[in-house]
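See below for the structure under consideration.
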Amino acid sequence: MSYAVAPIPPNDAERLGALRAAMCAFVPREERFDRITRLVKRLLHVPIALISIVEDDVQWFLSAQGLDVPETGRGISFCGHAIISKEPMKVPDTLRDPRFVHNPLVIGPPHIRSYLGMPLEIAPGLLAGTLCAIDRMPRSFEREDMEIMNDLARMAESELRVSAMADQQKRYLAELERNQRKAVLDPVTGAWLPAGFVELMRRGLRD
């Protein structure tokens, strides 16, 4: 019995470089991420909720509710499929989807029957992994489910980016004069403008 192996994005080398610079895989679990997956489990009424980081050969769980293993192989992972696009990936019934009907995670533990994965962007165009909701029964995932997941995914994404930039941004800001800081920070929100964010990630990949 065959199944669709998770494809490799064209920019995977750059994506993996950003992950390693950000040190967001194989690190201690943090409550700020666990809060998000607990909300997914509670609000969508699913038995399993994860924040996955897709590494070169595994998907590692930065946060996991309802699943005891720390990782699974990338090739069999649903999240490996989800990071090919920035769009949400919805699988209402794995037994009706030829990509997954024979997948080891479907025919064996944790017996995935439905999946909703929201890709998480660590840097512009670079997807770290997903926030996902998993059920052991078919689920259509209605509009409200999608809206909840989108909001929580943006929260998880923001936390990932904060982690990625914490040390680099301190060093970067220390090098800038006042007027230079104005040029890379949004005057209203204080968030990094695209030019400043790209420079931060360049520094992370170089370090």
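The values are calculated or read from the model by the stated rules, or taken from the named source; none is laboratory data. Fair warning: this is a prediction, and the values are worked out from it, not measured in the lab. Ideal geometry is used to build each Cβ from the backbone, glycine not excepted, and the neighbour counts take in all protein chains shown. Accessible surface is based on the protein model in full, side chains and every heavy atom, while ligands, DNA and RNA are left aside. Shrake-Rupley method; radii C 1.70, N 1.55, O 1.52, S 1.80 Å.
Scanning region 101-149 for residues that are assigned to a helix (DSSP H, G or I) and open to solvent by less than 60 Å² (accessible area, probe 1.4 Å) yields PRO104, LEU105, VAL106, ASP145, MET146, ILE148, MET149. Of VAL69, VAL40, VAL91, all but one fail to be under 16 Å from ILE134 (Cβ atoms), of a type outside the set (Lys, Arg), open to solvent by less than 20 Å² (accessible area, probe 1.4 Å) and more than 16 Å from the chain's Cα centre (by Cα); the exception is VAL91.
Are any residues in region 83-126 modelled with pLDDT of 95 or more, among the hydrophobic types (A, V, I, L, M, F, W, C) and more than 17 Å from ILE148 (Cβ to Cβ), and if so, which ones? If the condition is that a residue be modelled with pLDDT of 95 or more, among the hydrophobic types (A, V, I, L, M, F, W, C) and more than 17 Å from ILE148 (Cβ to Cβ), then ILE83, ILE84, VAL91, LEU95, PHE100, VAL101, LEU105, VAL106, ILE107, ILE112 are the ones that fit. Residues in region 10-32 that are modelled with pLDDT under 95 and open to solvent by less than 40 Å² (accessible area, probe 1.4 Å): ARG15, LEU16, GLY17, ALA18, LEU19, ALA21, ALA22, CYS24, ALA25, VAL27. Applying a threshold of 8 Å to beta carbon distances and a minimum spacing of six or more residues, or different chains, the list of pairs starting in region 17-36 at a residue that is closer than 17 Å to CYS132 by Cα and in a loop (DSSP other than H, G, I, E, B) and ending at one that is open to solvent by 30 Å² or more (accessible area, probe 1.4 Å) and at pLDDT 80 or above is empty.
For PHE61, the test of being of a type outside the set (Ser, Thr, Tyr), touching a His at 6+ places or on another chain (Cβ under 9 Å) and surrounded by 22 or more Cβ atoms within 10 Å (Cβ to Cβ) is failed. Only residues that are out of contact with any strand residue (DSSP E or B) (no Cβ under 6 Å at 6 or more places or on another chain) and over 12 Å from ALA156 (Cα atoms) were counted across region 39-69, and they come to 9.
This table checks each residue for (1) β-branched (Val, Ile, Thr); (2) over 30 Å from LEU193 (Cβ atoms); (3) touching a Pro at 6+ places or on another chain (Cβ under 6 Å); (4) in contact (Cβ under 8 Å) with a residue 24 or more places away in the chain.
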site: SER63; (1), (2), (3), (4): no, no, no, yes
site: GLY73; (1), (2), (3), (4): no, yes, no, no
site: SER85; (1), (2), (3), (4): no, no, no, yes
site: PRO88; (1), (2), (3), (4): no, no, no, yes
site: HIS102; (1), (2), (3), (4): no, yes, no, yes
site: PRO110; (1), (2), (3), (4): no, yes, no, yes
site: LEU127; (1), (2), (3), (4): no, no, yes, yes
site: LEU131; (1), (2), (3), (4): no, no, no, yes
